[in-house]
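Below is one structure, written out as structure tokens; comments come after it.
Since every read-out is calculated from the coordinates, none of them should be taken as a lab result. These numbers were taken from a predicted model, which means no experiment stands behind them. Glycine also receives a Cβ, built like all others from the backbone with ideal geometry; neighbour counts cover every protein chain displayed.
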Protein chains: 2
Amino acid sequence: MKTSELYIRTFKEAPAEEVSKNAQLLIRAGYIYKVMAGVYAYSPLGIRVLENIKQVVREEMNAIGGQELIMSSLQKRETWETTSRWDDEVVDVWFKSHLKDGTEVGFAWSHEEAIIEMLKLYLSSYKDLPIYVYQFQTKLRNELRAKSGIMRGREFIMKDMYSCSLDAEHHEAFYQGCIEAYMRVFNRLGIGDETYVTFASGGAFTQFSHEFQTLCDAGEDVIYLVPSTKEAFNEEIAPAKAAPFEQNEEQKPFEEVEGAGIVGVTALAKQLGLPEQQTTKTMLYAVDGGDKLIAAVVRGDHDINEDKLKTVSSTQKVALATPEQVKAATGAEIGYAGVVNLPEHITLFVDDSCESLINFETGCNKTNFHARYVNWERDVPKPAQFYDIKIAKQGDIHPETGEVYVVHKTAEVGNIFNFGLQKSQDTDFTYTNEKGEQQFVHLGSYGIGVTRLMGVLAEKCSDEKGLVWPMSVAPYQVYIVQIGTDPEIAAEAAKLCEIAQSWGVSVLYDDSDKRPGEKFADADLLGIPHRVVVSTKTIKAGEYEYKARTSTEISMVSAETLAKLLTA
Amino acid sequence: MKTSELYIRTFKEAPAEEVSKNAQLLIRAGYIYKVMAGVYAYSPLGIRVLENIKQVVREEMNAIGGQELIMSSLQKRETWETTSRWDDEVVDVWFKSHLKDGTEVGFAWSHEEAIIEMLKLYLSSYKDLPIYVYQFQTKLRNELRAKSGIMRGREFIMKDMYSCSLDAEHHEAFYQGCIEAYMRVFNRLGIGDETYVTFASGGAFTQFSHEFQTLCDAGEDVIYLVPSTKEAFNEEIAPAKAAPFEQNEEQKPFEEVEGAGIVGVTALAKQLGLPEQQTTKTMLYAVDGGDKLIAAVVRGDHDINEDKLKTVSSTQKVALATPEQVKAATGAEIGYAGVVNLPEHITLFVDDSCESLINFETGCNKTNFHARYVNWERDVPKPAQFYDIKIAKQGDIHPETGEVYVVHKTAEVGNIFNFGLQKSQDTDFTYTNEKGEQQFVHLGSYGIGVTRLMGVLAEKCSDEKGLVWPMSVAPYQVYIVQIGTDPEIAAEAAKLCEIAQSWGVSVLYDDSDKRPGEKFADADLLGIPHRVVVSTKTIKAGEYEYKARTSTEISMVSAETLAKLLTA
């Protein structure tokens, strides 16, 4: 392809309102065009990158038995009502509209329910199993904000796969096989080394899910990595021991300290002359929608993880108690809850970060008063059991190995859900076994954000000069630059394009009349892996000037060497 | 691919509510799944057919310089307001929804305005021209009814191309080149011989457009074909002379005949004892939204073509006059308008089918009265000019050649619009020429309905047993059937699959345990071009049993002959 034949061009500046690096670079280089916030068009170059990514994904999905199909964007209300997911309160990203006769329709943000509904037509017997189907589908999600370029769009391409298995064993084997296939995808895209399979919180149908998280400063997620095992957890579920807080001090006399309206741990610790780790944070929660309260306590430098709290307290739902509920239960205004004077009917859940504290601060359940120099046993009964109910933070420890977590900002590039039988039961999705009995189908769902992956690659594979595509996704493998418009040079450059193509190398040929510096800047911005210059000088030398995008070294090479470099 | 590994299956019956042949066949054979009226999912087999069609289209678009991109489904209001096409009164197929902040968004039913808006970013100089871009895009159209299967969906795939040219000459050359490219597409898909480039009415931005109409009984269109030249017209614009009506009779005395409340030409002709062709039909129209009326007259066996009437009367808008307007203008109730007693202020446009009538019937503009045995000159002034303001009908004549039209039911498979400068002017789409002057861009737009094409092929390429795909779109080239589950037969069939694949032939291998009759029925229903049977008998003979889908002949052939048949 000649650059002169492409309608796109490069830009020195990205649109001012575009804050994400991936969109800035991809717009400047002409890969994408911003239609509106979170909605982008893809140019011929952009499509080549997308198709390269899709092809890698497709090959790996086919290798594990996937069959490609394509579902529809338009969705029926009834399809999603079986699982309550039509409701905007349950799923807040629906775009909806109406047919002419007033029938409400939705635009697919997922296809789980739609796939199940369809497969009910085809799946009847155990002989029909397993079924693994996938699609590359444009999903529409009515996101509140869309500021991450193509990493989180209102319109984006996703590969979603669905597995139907006979029993738990087959299901588990496929699920594991899919994890491996996903890692092969990320390896082939050049980000395997920096992509971790993490434990993540589940959705409506499963307790846990797995995510594939790639190290990325622009990512919206944080993972906690165990250095020795490479086991990784999403922040929201990472089990954690707090970083140790060493105290070599004698027990001091218990004090009540007056302190009205102190906001935040830092101010409180300062006011009381204590390190933050010597304060505690007590939150009262109403459980399961009623007026019954529980108390959750963490060390002052941490926060309470409500999901963990729900698990240890065996409740379905926790909600911060209202000021009225707090007042009714403890007699104090909100902001003074603590383990001192806590009414007995409020069950106490204390994080293990508080177990070894000496002379700590806590609320007195008395308006305007905090307790200082509190000690377990002496001042308040020591709880029989401590829990992990904290949100993990930098410096925390993985409980099983005792290792300090390495914490990374990451972007989710894949997400897989192990539904087991839950979702089949909810949707009445069954088959007949050999004995003629109805059995629920074991289900899994497996997503890869294709356009998001392109965005993550743009974030990670780039430098101050522009994009640096991995070979597996680069829109072209070599950028051939002609310096000057002399017919002899043009002829030589055109000849090289043909030669390179005969080697099986795809070529973007800069035949423009731009100045050499602009052409080199374009080559860098576009991020094509190899650059070859044809000029009077190279023709005279009977060689080519070669530079890899990943290197600053420029060298004169023979045709033979060039062939090796380009086809390596 | 083994049929046992496909999740789909064949059905003896199509869903009862599915009335179109294409959807019935494609659903029964497992190519598509109906999500809701006008919305279908495509199975692995369906995708293969679609991709084959897309690839043919893609190659031909690339060959004329097209660059593939992909726009977004989500559309901004502002993009379409410049041409008034956001308005639901102007475009009645929009699906619309809202962002969380209340901003209205649309889902693309076309991309003309969106493409122009985008290209404004890239096109500035004459040096950037020409630009030819195209995409395969899922369009959403809120159709009132959707009963034609995948021939007219609410969600469908379209190839839409847009051309930006420097001047009229380049524009016209590309436009003609695109017509030729389209015909190459239809030829490669096996329907070139039955596809005609027709003159069609234009849209908002052009007087005429061209359509590509394929003969198809399930089609929604009718074309008028000139036998000798193969020139074709869509019904709504076909120029027409009425079939001659021979009259060998003397002028009879003029009569007024009482006849209240006669409805329809047939009843009127019978009542008056005249052939329908000897009656006339006079319609009064209010022009340009006002109270000024014109009268349009055609021979009784025809109807008035309002588009033609607008052209000959040089009006933008005609609307049938209301009973009140008729009464005010003529003094008569509605239903008695005619050329007798017509007030002079009502301009008369008479179709040329009425020019040579003798002793004809017409309204008297007198409630309850018709005039019989009317003759031009004698009873009413003969108009100075007669026009073609009729809707063409079977038996009519192409005026230029004098040939009787051949009339066909057809399906539109392509549609191209020659906007010239009109649309650029409306959207202020310009470039700077060599002299530094702003010039409007010459624009064209070129569509092919990809899923519709698949539907048309299913309609045309099928028989009572099922589909009969042309080789260029068939999902697989050969259907290999194993008769019996004997391991030796299975091994032999598997070997044949490998051999065929080594010939470059794609194989669908029926390894099921169905009965032979069912397998043959499946092979016919699926419409794979070649069928090869492996059985005890064929193994004994050292040959294969071959049948082409298009033939009833079954023959035993050697491997060598089979290779020739499959790769022909």
Quiz item: Among A:Ile179, A:Ile528, which comes first, second and so on when ranked by fewest other beta-carbon atoms within 10 Å?
Solution: A:Ile179, A:Ile528
Quiz item: So how far, in whole Å, is the C-alpha centre of region B:267-284 from the one of region A:169-240?
Solution: 81
Quiz item: In region A:207-315, which trypsin sites (Lys or Arg not before Pro) fall in coil by DSSP and have 16 or fewer other Cβ atoms within 10 Å?
Solution: A:Lys230, A:Lys292
Quiz prompt | Global form of region B:262-409, assessed from the alpha-carbon gyration tensor, a/c cut-off 1.5 | solution = oblate
Quiz item: Residues of region A:301-327 with amide nitrogen under 13 Å from the 7 Å Cα-to-Cβ point of A:His345?
Solution: A:325-327
Quiz prompt | Whether the protein assembly as shown is rounded, prolate or oblate, judged on the alpha carbon gyration tensor where a/c under 1.5 counts as rounded | solution = prolate
Quiz item: Given the C-alpha centroids of region B:452-522 and region B:523-562, what is the distance between them in whole angstrom?
Solution: 10
Quiz item: How much length is gained on full extension from B:Asn368 to B:Asn248, taking 0.36 nm per residue of separation minus their Cα-Cα distance?
Solution: 40.2 nm
Quiz item: Does region B:478-567 come out rounded, prolate or oblate, given a ≥ b ≥ c as the square roots of the eigenvalues of its C-alpha gyration tensor, rounded meaning a/c under 1.5 and, failing that, prolate meaning a/b above b/c?
Solution: rounded
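Calculate the FRET efficiency for B:Glu236 and B:Ala521 from the Cβ-Cβ distance with a Förster distance of 30 Å, rounded to the nearest 0.05.
Calculated transfer efficiency: 0.10.
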Self-check item: Simple label model, 7 Å out from Cα along Cβ direction - A:Lys382 to A:Ala541, nm
Solution: 7.7
Quiz prompt | Residue order, fewest to most surrounding Cβ atoms within 10 angstrom, among A:Met36, A:Met118 | solution = A:Met36, A:Met118
Quiz item: Counting GluC sites (Glu not before Pro) as exposed when in a DSSP loop with at most 10 other beta carbons within 10 Å, what is the longest stretch of chain A free of them?
Solution: A:90-245
Quiz item: Over all residues in A:212-224, what is the mean tally of Cβ atoms on other chains that come within 10 Å of each residue's Cβ?
Solution: 0
Quiz item: How high is the FRET efficiency from B:Lys514 to A:Glu172, r the C-beta distance, R0 41 Å, rounded to 0.05?
Solution: 0.80
Quiz item: Efficiency by 1/(1 + (r/R0)^6): what FRET value for A:Ala490 and A:Asn187, r their Cβ-Cβ distance, R0 = 60 Å, to the nearest 0.05?
Solution: 0.90
Quiz item: Which log10 I(q)/I(0) values, to two decimals, does chain B give at q = 0.07, 0.09, 0.12 Å⁻¹ under the Debye formula with one point per Cα?
Solution: -0.58, -0.86, -1.17
Quiz prompt | Projected label distance in nm at B:Ser472 and B:Glu13, using a 7 Å step from Cα toward the beta-carbon | solution = 3.8
Self-check item: Those trypsin sites (Lys or Arg not before Pro) in region B:106-200 that DSSP places in a loop and that have at most 14 other beta carbons within 10 Å
Solution: B:Arg145, B:Lys147
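Let me have the 222 nm mean residue ellipticity of chain A computed from DSSP H runs of 4+ only, each contributing -39500 (n - 2.57), with the sum over all residues rounded to the nearest 500.
-8000 deg cm²/dmol
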Quiz prompt | Inter-probe distance in nm under a simple model that places probes 7 Å from Cα toward Cβ, at A:Glu104 and A:Thr229 | solution = 4.5
Quiz item: How would you rank A:Ser353, B:Ser124, going from fewest to most other Cβ atoms within 10 Å of each one's own Cβ?
Solution: B:Ser124, A:Ser353
Exercise. For region A:390-395, just list the computed ³J(HN,Hα) in residue order, Karplus coefficients 6.51, -1.76 and 1.60, θ = phi - 60°, integers in Hz, with x standing in for Gly and Pro.
Key: 9, 7, 4, 9, 3, x
Practice problem: Can you list which of the trypsin sites (Lys or Arg not before Pro) found in region A:1-103 are DSSP loop residues with at most 10 other C-beta atoms within 10 Å? | Solution: A:Lys12
